[in-house]
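Comments concern the structure below.
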Amino acid sequence: MTCAPSAPEAAAPASWRAVTVRYPFRGADAVGPVTLAVRPGERVLLLGPTGSGKSSLLNALTGIVPGIVPAEIGGDVLLMGEAASNRPPSGWSAEAARLFQDADQTLCGMRVGDEIAFALENRALPEPEILRRIEVAMRRAGLVDAMRDRRTATLSGGEKQLVALAAALAQETPLFIADEPTAHLAPLAAARFRAVLDADTGSRAFIVVDHRIDDLAGCFDRVVVVGANGGIAADGPPRTVFRERFADLRALGVAMPAAADLDACLRDAGVAPSVPPLTVSEALETLDPAPAALGAVRAFLRGRVASPAERPGETVARLENAACAPLFGPVVLRGVDLAVRAGEAVAILGPNGAGKTTLTASLAGLLRLKSGRRHGALGGVAFQNPETQFIGGSVIEEIRQSLNGKHIRTKDRNAAADAAQQILAHWGLSTLSAAHPYELSQGQKRRLALVSLTATDRWPLLVLDEPTAGLDAAGARMVAEAVDGFRAARRAVAVVTHDLDFALMTCPRAVIVADGGIIADGPTAELLADAALLARAGLAAPPVMQALSWLERHTQC
Amino acid sequence: MLTRIHPVVKLAVCTVWLVAAVLVFAASFQIATIAIAVVLLVAIERRPPLFVLALMVPFALFGIGMLTTTALFREEADFALRVAAEAPFGSAAVSAGVVLFLRAIACGMVSAVFVLTTDPAGLVKALMAQCRLSPRVGYALFSAMLLVPDLAAEAQQIRLARAMRSSRPPRRVPGPFETASLVVPLLAFAIRRAGRAAISMETRGLAQGAPRTILGAPVPSRRDAVFAASAMLLLAALVQAA
């Protein structure tokens, strides 16, 4: 499927005509052929399964590919009607602003003000204009003026992402490109990005790639889906695409808003609203609580709220009045009492920088406590940065080492190789078995790290740190199924996540970390229904909670 | 007060002073340099005396190495022995060693004065504005400064991942073998990180040779000239006295 632009092509901020991208030493194109044009003022949500080539398309647009990253480009890539190859990547900074996924890796100014000013200084804008833009961009990104002189090294992860957002906004370009802007953001910081999209009603065009789209779906005029074969699989207004192409997109493993799932259930029951909803509240606001509707909402919630274990297991790991601190760091959490049991999955929730990772590393026994006691066996951790874990020279070697350690007996090698291949096939990584782990996409790296950790039953406690960041819907479903499998195998699981829908789906119990300690510990659904608690922890209830409370309200009636 | 001096002027004064500390082989000059640095840090910059004392420890340890080496291997230090023959510290060898010891501390303290009173961002901006430092080099320095804490954090993550595989918590301070084994993965991390930072900077318009604005670069003033002149006069007087 292709989309012809209705506006004159010269005015299109971005267009691709039969574009293909092929990287050196690769037998197939990473993406394409793609024909697509983005009109001025249009907001486009670019979706696709992990590894479908979305980032390659964006990189080709601003000349990063092949200007910096070598690749062979077929077809024509046009930016503001001019061939992208006409200028070096630096020559497009007045036309296209780019917000990268990981702000940490892209900051280059010492202070917040310097960071925001950087692109403007490069364009040799006059100083008063730069100062005006800094002020406007900081206000739009929700950064207070007092932060202007703060060193970026002292900011939390969420604050850095907001600084990167302000820096991109300050460029005031006709095209704004964001690559997974909310992947590492706490809900309130993600809401700030949505507010920016909502408020920008001018002629600036947006192209956003993201997998967490529940809060964003309503901001876009158009959804474009890149299929697994590298071509355009769907293109149209979000409401139409998510309703009419629901089954196809689900089969592709593309992220869709929870409202699309709810809409499908309501359609199956014959009670769907005439206008396809983009949010759960939209779907429910006119819904008559008739038995068919109640059944449809129950069907939607099935599998979205984790059930507690049928029989509570023995305690696997326990912290007693613990003071937790990172290596060489000061104490960040005090008076922590936390126990996890076999067959239990606990979500560790909280704002950026609250100490969630330190808590789980302490629980796993990888960090020594400053005071207090820890009981139980050591746990295995799937780290936030999956590259940290890799020790093998290839994907298959990574799995083999996890299965057997370094000292494999010769007669066991074939058996280990077979087992490793089976595991890779189960996780959809078979075709990558010879690739170096660092060559994989972010989502594939995350899956590999998880596989290598869970390939054996060595660890009775598993800690998964942001396991769904960078994963598409199919990848997230796979992780959710894996967590269910660990629980069934009587292993204890602690999941650190900003994805509250995922927490609700996989973890019957949640712990909220904030203000230097654990401020709440209880059933996930109960904690996520407590608005005051969520506000204190800088969290926002996931959309599924609206369906849950609707159902409770109408069932009681 | 020193924080308000133009970084390039301060860098020039400190460099001249360091060269003098290396060339003037007199205990009195080195003691005076240390005393001036301590007075500047404690009385003017309001740094705690204990902090300033602690700053001297690594330089003192280095100096002690020089002192003992000179005392034990005096035949190898002919020039220093001749220069220090008249110094009031017993034998010539010990005198030479004491001067070397003091020189290590003096150089360390001059560097400490510069580092503790200079904003790195201001320095790099001033070098770009006044000394024509290439913005590519300047922002590479910024990125390198930001990389240091991230390298430390990455090293801790790698240590935790390895500890998990070996089923025991990491030692608080890594041993020599563990430290050596971190070099390659950290180098790989630094290279990847540098590549991503370069892409980010290029997409934000950083180009070779293009004119650019430098926001908030320190501007030299009369105060800087007074500072430089006073420092040079004081230095000349101390050299003369030595």
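Within region A:482-492, one or more residues are buried (at least 23 other Cβ atoms within 10 Å of the Cβ), assigned to a loop (DSSP other than H, G, I, E, B) and not hydrophobic (A, V, I, L, M, F, W, C). Screening residue A:69 with (1) over 27 Å from residue A:242 (Cβ atoms); (2) away from every other protein chain (no Cβ under 14 Å) gives one miss only, at (2). Just to be sure before I move on: is residue B:149 within 10 Å of another protein chain (Cβ to nearest Cβ) and either closer than 29 Å to residue A:329 by Cα or loosely packed, with under 13 Cβ neighbours inside 10 Å (or both) in the structure I sent? Yes, satisfied. If I ask for residues that are out of contact with any Gly (no Cβ under 8 Å at 6 or more places or on another chain) and assigned to a helix (DSSP H, G or I), which ones from region A:346-357 would you list? If the condition is that a residue be out of contact with any Gly (no Cβ under 8 Å at 6 or more places or on another chain) and assigned to a helix (DSSP H, G or I), then A:357 is the only one that fits.
Summed over region A:473-496, residues that are in contact with an Asp or Glu (Cβ under 9 Å, 6 or more places away or on another chain) and closer than 17 Å to residue A:445 by Cα total 1. Being at pLDDT 80 or above and closer than 18 Å to residue B:2 by Cα, is that true of even one residue in region B:22-33? Yes, region B:22-33 has at least one match. Annotation for region B:190-206: at least one member residue is part of a helix (DSSP H, G or I), facing chain A (nearest Cβ under 9 Å) and loosely packed, with under 14 Cβ neighbours inside 10 Å. Taken over region B:34-87, the residue count meeting the criterion of being among the aromatic types (Phe, Trp, Tyr), at pLDDT 75 or above and exposed (fewer than 15 other Cβ atoms within 10 Å of the Cβ) is 1. The set of residues in region B:133-146 being of a type in the set (Ser, Thr, Tyr) and buried (at least 18 other Cβ atoms within 10 Å of the Cβ) consists of B:139, B:143.
Apart from one condition, residue A:134 fits all of (1) farther than 25 Å from residue A:210 by Cβ; (2) surrounded by 23 or more Cβ atoms within 10 Å (Cβ to Cβ); (3) at the interface with chain B (Cβ under 8 Å from one of its Cβ atoms); the exception is (3). Of the helices (runs of 4 or more DSSP H) contained entirely in region A:91-208, those carrying at least 3 residues that are free of Cβ contacts under 8 Å to residues at least 12 places away in the same chain fall at A:127-141.
The helices (runs of 4 or more DSSP H) located wholly in region A:358-460 that include 1 or more residues which are modelled with pLDDT under 85 and within 13 Å of another protein chain (Cβ to nearest Cβ) occupy A:395-404, A:442-454. Out of all the residues in region B:8-21, is one or more of a type in the set (D, E, K, R), surrounded by fewer than 20 Cβ atoms within 10 Å (Cβ to Cβ) and assigned by TED's automatic domain parsing to the domain that holds residue B:230? Looking through region B:8-21, none of the residues is of a type in the set (D, E, K, R), surrounded by fewer than 20 Cβ atoms within 10 Å (Cβ to Cβ) and assigned by TED's automatic domain parsing to the domain that holds residue B:230.
Taking region A:155-172 as the range and being touching a Pro at 6+ places or on another chain (Cβ under 9 Å) and at pLDDT below 85 as the test, the residues that pass are A:156, A:158, A:161. Under the condition of being in contact with a helix residue (DSSP H, G or I) (Cβ under 8 Å, 6 or more places away or on another chain) and part of a strand (DSSP E or B), which residue from region A:61-90 is surrounded by the fewest Cβ atoms within 10 Å (Cβ to Cβ)? Residue satisfying both the conditions and the ranking: A:72.
Scanning region B:166-188 for residues that are crowded, with 16+ Cβ neighbours inside 10 Å and within 8 Å of chain A (Cβ to nearest Cβ) gives B:169, B:170.
The values are calculated or read from the model by the stated rules, or taken from the named source; none is laboratory data. Not measured: the values here are computed from a predicted model. Quick reminder, even Gly has a Cβ in these numbers, built from the backbone with ideal geometry, and neighbours come from all protein chains shown.
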